[in-house]
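J.: One structure follows; several queries about it will come next.
The values are calculated or read from the model by the stated rules, or taken from the named source; none is laboratory data. Here the structure is a predicted model, which is why all the values come from computation and not from measurement. Glycine also receives a Cβ, built like all others from the backbone with ideal geometry; neighbour counts cover every protein chain displayed. These accessible areas exclude ligands, DNA and RNA; they are computed on the full protein's heavy atoms, side chains included. Shrake-Rupley method; radii C 1.70, N 1.55, O 1.52, S 1.80 Å.
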Amino acid sequence: MFLTDTAQNWIGLSTDTKPTAPAPGSLFFEGDYLWEWVYNGYAWVPRKILIEGITAQYKQISLNQAANTYDVMTATTQNLFIDAVIVHVPDNLSAVATFTGISVQTDDDSAIEILSAAAGAKAKLTGNFYHVYRGPKISASTKKIQLTIGGATAGASKIADITVLWRPVVAGGYYLNA
């Protein structure tokens, strides 16, 4: 059987819950924001945005690490527009007592707070959690997007998928995965 024989397609809104564990290659089109998502076998990731000039970049961060701040990606020598950041946590972390939360932010002089799920907000980190930050915000050249883990490790095989949709302010700017 071919992948295209098993993949499915859905149309909905950005607020709709995407199907869990569909066949890899399945598509979900968000009619209100014109975003198209593809299921890659473990997470929904942006496939195509119907706006010219936006680049999608993906990085997976292990949450089986000590409490610390970890680099996701770094801007080169040009400023960049951050149009959106999608944070996906596929596992339920709300019951992991030693894990106190995550945050995603830039290390600009005035940090851009993308996600903060710490302390009491940790209960929202249920299975298949998505958080979508919508810009645009400008991140300065050489600055990083970072993920901070609070408390102790979340456990083996626990991850956060981070997709950044960005575009250069001027030609030549881009992100490098850390």
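J.: Could you list, in sequence order, the residues of the stretch 52-67 that are of a type in the set (V, I, T) and at pLDDT below 85?
T.: Within the stretch 52-67, I54, T55 qualify.
J.: In the stretch 1-42, how many residues are part of a loop (DSSP other than H, G, I, E, B), modelled with pLDDT under 80 and either acidic (D, E) or in contact with a Pro (Cβ under 6 Å, 6 or more places away or on another chain) (or both)?
T.: Matching residues across the stretch 1-42 total 1.
J.: Which condition does Y70 not pass, out of (1) at pLDDT below 90; (2) under 28 Å from T148 (Cβ atoms), if it passes all the others?
T.: (1)
J.: Shifting gears a bit: Any idea which of A160, A154, A118 is modelled with pLDDT under 90, over 16 Å from F81 (Cα atoms) and surrounded by fewer than 16 Cβ atoms within 10 Å (Cβ to Cβ)? Step through it out loud before you land on a result.
T.: On the way: A160 fails: surrounded by fewer than 16 Cβ atoms within 10 Å (Cβ to Cβ); A154 fails: surrounded by fewer than 16 Cβ atoms within 10 Å (Cβ to Cβ).
Residue meeting the stated conditions: A118.
J.: Within the stretch 73-100, which residues are in a strand (DSSP E or B) and within 17 Å of K137 (Cα to Cα)? Step through it out loud before you land on a result.
T.: Filtering the stretch 73-100 for residues in a strand (DSSP E or B) gives 73-75, 80-89, 99-100.
M73, T74, A75, L80, F81, I82, D83, A84, V85, I86, V87 - these are the residues of the stretch 73-100 that are in a strand (DSSP E or B) and within 17 Å of K137 (Cα to Cα).
J.: Yes or no: V96 open to solvent by 20 Å² or more (accessible area, probe 1.4 Å) and touching a Gly at 6+ places or on another chain (Cβ under 9 Å)?
T.: yes
J.: Separate question: Would you mind stating whether S141 is touching a residue at least 60 places away in the same chain (Cβ under 8 Å), hydroxyl-bearing (S, T, Y) and open to solvent by 70 Å² or more (accessible area, probe 1.4 Å)?
T.: Numbers: touching a residue at least 60 places away in the same chain (Cβ under 8 Å): yes; hydroxyl-bearing (S, T, Y): yes; open to solvent by 70 Å² or more (accessible area, probe 1.4 Å): no.
Here the answer is no, as S141 does not meet what is asked.
J.: Please specify each residue of the stretch 58-71 satisfying the condition of being within 17 Å of the chain's Cα centre (by Cα) and part of a strand (DSSP E or B).
T.: Y58, K59, Q60, I61, S62, T69, Y70, D71
J.: Let me confirm something: among T74, T55, T20, which residue is within 14 Å of the chain's Cα centre (by Cα), of a type in the set (S, T, Y) and either open to solvent by 30 Å² or more (accessible area, probe 1.4 Å) or under 20 Å from A178 (Cβ atoms) (or both)?
T.: The match here is T55.
J.: Would you call N64 out of contact with any Gly (no Cβ under 7 Å at 6 or more places or on another chain), open to solvent by 50 Å² or more (accessible area, probe 1.4 Å), of a type outside the set (D, E, K, R) and farther than 21 Å from R167 by Cβ?
T.: Numbers: out of contact with any Gly (no Cβ under 7 Å at 6 or more places or on another chain): no; open to solvent by 50 Å² or more (accessible area, probe 1.4 Å): yes; of a type outside the set (D, E, K, R): yes; farther than 21 Å from R167 by Cβ: yes.
Spelling it out, it is not the case that N64 is out of contact with any Gly (no Cβ under 7 Å at 6 or more places or on another chain), open to solvent by 50 Å² or more (accessible area, probe 1.4 Å), of a type outside the set (D, E, K, R) and farther than 21 Å from R167 by Cβ.
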